1. Among the residues of region 103-115, write down those that are closer than 20 Å to residue 149 by Cα and outside any strand (DSSP E or B).
2. Any chance you could count how many residues in region 34-59 are at pLDDT 85 or above and assigned to a loop (DSSP other than H, G, I, E, B)?
3. Please go through region 90-102 and give me each residue that is more than 11 Å from the chain's Cα centre (by Cα) and outside any loop (DSSP other than H, G, I, E, B), ordered by number.
4. When you look at residue 66, is it under 20 Å from residue 97 (Cα atoms), in contact with a helix residue (DSSP H, G or I) (Cβ under 7 Å, 6 or more places away or on another chain) and either modelled with pLDDT of 85 or more or crowded, with 16+ Cβ neighbours inside 10 Å (or both), yes or no?
5. Scan region 82-106 residue by residue and report those that are farther than 27 Å from residue 35 by Cα and surrounded by fewer than 16 Cβ atoms within 10 Å (Cβ to Cβ).
6. Please tell me if residue 176 is surrounded by 15 or more Cβ atoms within 10 Å (Cβ to Cβ) and on the phi > 0 side of the Ramachandran plot.
7. Looking only at region 116-149, count how many residues are modelled with pLDDT under 90, buried (at least 16 other Cβ atoms within 10 Å of the Cβ) and part of a loop (DSSP other than H, G, I, E, B).
8. In region 76-90, how many are within 18 Å of residue 121 (Cα to Cα) and in contact (Cβ under 8 Å) with a residue 24 or more places away in the chain?
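The values are calculated or read from the model by the stated rules, or taken from the named source; none is laboratory data. The model shown is predicted, which means the values in this text are computed figures rather than measured ones. Neighbour counts are summed over all protein chains in view; Cβ atoms, including those assigned to glycine, are modelled from backbone coordinates with ideal geometry.
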């Protein structure tokens, strides 16, 4: 990545910063950066003014190439659809967060754990048409849950307001309807 950058003292654009941010996210997804290293480098990338500052953030990383075994370029899924009936649906551990999630379960508890998830964008839209179930969102610092577009019918929501953030790494926008259910945000404690 750094070999493609112009002179180090030239000013970087928003697009240049975005390319470095994406490279850092991919490197973290490959296990080359820890969550703490990723957070620190993302913050530095978003405030970088020159190409030199950006190049320093990726100097110890190989050129990032998203590819599948067949050689085609791999992209995160645009949408994850959950239409399960009964039981539980859990997405946890190292998983790539899509740009949008559609939740249409019935009599089903859904857990979306973002503590180790690979973030691919700064906003995740979750479109809900959920009946008789619970949605558990396991978040981490830098994640904000926005319920302005969500209608609760005979339902309850328990969110962690004390974790609000002016510059979140991820804004989860919940829209649609939750009927006869619960929305619960949890924060995983560090060991």
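1. 104, 105
2. Within region 34-59, residues that are at pLDDT 85 or above and assigned to a loop (DSSP other than H, G, I, E, B) number 3.
3. Matches in region 90-102: 90, 91, 101, 102.
4. For residue 66, the condition - under 20 Å from residue 97 (Cα atoms), in contact with a helix residue (DSSP H, G or I) (Cβ under 7 Å, 6 or more places away or on another chain) and either modelled with pLDDT of 85 or more or crowded, with 16+ Cβ neighbours inside 10 Å (or both) - is not met.
5. Correct list: 83, 85, 86, 87, 88, 106.
6. For residue 176, the condition - surrounded by 15 or more Cβ atoms within 10 Å (Cβ to Cβ) and on the phi > 0 side of the Ramachandran plot - is met.
7. Here the count works out to 5.
8. Residues that pass the stated criteria total 1.
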